[in-house]
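> Before anything else, here's the structure in question.
What follows draws every value from the coordinates through simple rules; no lab data is involved. None of these values were measured; they are calculated from a predicted model. Heads up, the Cβs are rebuilt from the backbone with ideal geometry, glycines too, and the neighbour counts pull from every protein chain shown.
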Amino acid sequence: MALLEGKIAIVTGAGRGIGRGEAIELAAHGARVVVSDLGTDSGGQGSDDSPAAETASLIKAAGCEAIVNNANVSSWNDTEACVAQAIDTWGGLDIVVNNAGILRDSSIVKMTEDDFDSVIAVHLKGTFNMTHHACVYWQAESKAGRPRRAAIVNTVSSAGLQGNKRQANYGAAKGGIASLTMITALEGKRYGLRANAVAPGGATRLVTETFEGMETLEANEVGEEFSRLNPGNSAPVVAWLASDEASHVTGQVFRAVGDEIAHYRSWQLGSPVKAGKDPQRWDARRIGDAVATDIFGSSVAGLKMGS
């Protein structure tokens, strides 16, 4: 059974890699898809209409419906126009998959202001821009008595949720998107919106470039890893989260790599350690021992030794 029959979706960053896999998967399950991609290089430079057009052609060749959009997701006006295009073409909007992104990896001390701002603009601001304009539409539809069973699926990364060297800009953006996802879920509930996020794994052009430089892997190992990291492998999770079958799931973050799905648990507070004296205020000189023994289950000396 097609999970998304009659649904209308926007997928950003859909010209290549993971975004293309998601757009094709959604279309295969019956969604009409706005294939949105500016077509920049991996660092966000230039533009090219052909990646989005190629994805749309693949969808149409399979007998499904797709249109092309070349929005710059960091642009407020472009994202507003993308949402309008879906509504004007097919009469509504039900799903937004925010996947567009770039990379400008560098250590913190070498990263330029432009490197940081550009990555934040595409990933975090771009996700917010599309989310805002879609939510304005969904809220208005709900107030008019035409609520839609809407869904947003955002793209995050282990770099933002677990950390990764040389990716302060990318990691900060992805961590911000995870928080944005949870807040969107809280606010959107009253007008029928669910919001979730997926940290996918896929052999995109960035991963491909990495493997090309790895002489230590045997040919069969590379083949196995590429099979596991096929950009389409995480797409079924996105399709399910976007469907009404997942109507009970919102505000969650999942990891999807190969044939594995895992659930990220958000920041959770451990048991508190109290000062235990009057006035109820910690003496800074006592905190080290308390944290070591009651939180880390060690001693200050042991922690300093790395035990």
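> Counting pairs on different chains as well as pairs 8 or more places apart, how many Lys pairs in the chain have Cα atoms under 18 Å apart? Provide the component values of the computation, followed by the final result.
Working: Lys7/Lys60; Lys110/Lys165; Lys125/Lys174; Lys143/Lys189; Lys165/Lys174.
For the chain, the number of qualifying lysine pairs is 5.
> While we're on this one: Based on a Kirkwood Rh over C-alpha pairs, give the Stokes-Einstein translational diffusion coefficient of the chain at 37 °C and viscosity 0.692 mPa s in µm²/s.
Translational diffusion coefficient: 157 µm²/s.
> Another question, then. For the chain, calculate the relative contact order in percent as a whole number, restricting contacts to Cα pairs under 8 Å that are 6 or more residues apart.
Relative CO of the chain lands at 16 percent.
> Tell me, in nm to one decimal, what length is gained between Arg281 and Asp259 on full extension, where the rule is 0.36 nm per residue of separation less the Cα-Cα distance?
Taking 0.36 nm per residue and subtracting the Cα distance, the gain is 2.9 nm.
> To the nearest 20 Debye, how big is the dipole of the range 8-264 about its Cα centre, given +1 on the beta carbon of each Lys and Arg and -1 on that of each Asp and Glu? Numbers along the way, then the final one.
Numbers: 20 positive and 30 negative charges, 217 e Å.
For this selection, approximately 1040 debye.
> Once amide H atoms are placed 1.01 Å from N in the peptide plane, what residues at a sequence separation of 5 or more from Ala199, or on another chain, have their amide H within under 5 Å of its amide H?
Amide H neighbours of Ala199: Val156, Phe254, Arg255, Ala256.
> Sort out for me the Cα centre separation of the range 229-282 from the range 4-63, rounded to whole Å.
27
> Here's a follow-up. Among 283-293, 92-102, how do they line up from the highest to the lowest mean number of other beta-carbon atoms within 10 Å?
Packing proxy ranking, top to bottom: 92-102, 283-293.
> Given DSSP loops and a limit of at most 13 other Cβ atoms within 10 Å, what is the longest stretch of the chain that contains no such GluC sites (Glu not before Pro)?
Numbers: sites that count: Glu5, Glu215, Glu218.
With GluC sites (Glu not before Pro) excluded where exposed in loops, the chain gives 6-214 as its longest stretch.
> On to the next question. Dividing the alpha-carbon radius of gyration of the range 38-143 by 2.2 N^0.38 Å (N being the number of residues), what value is obtained?
1.21
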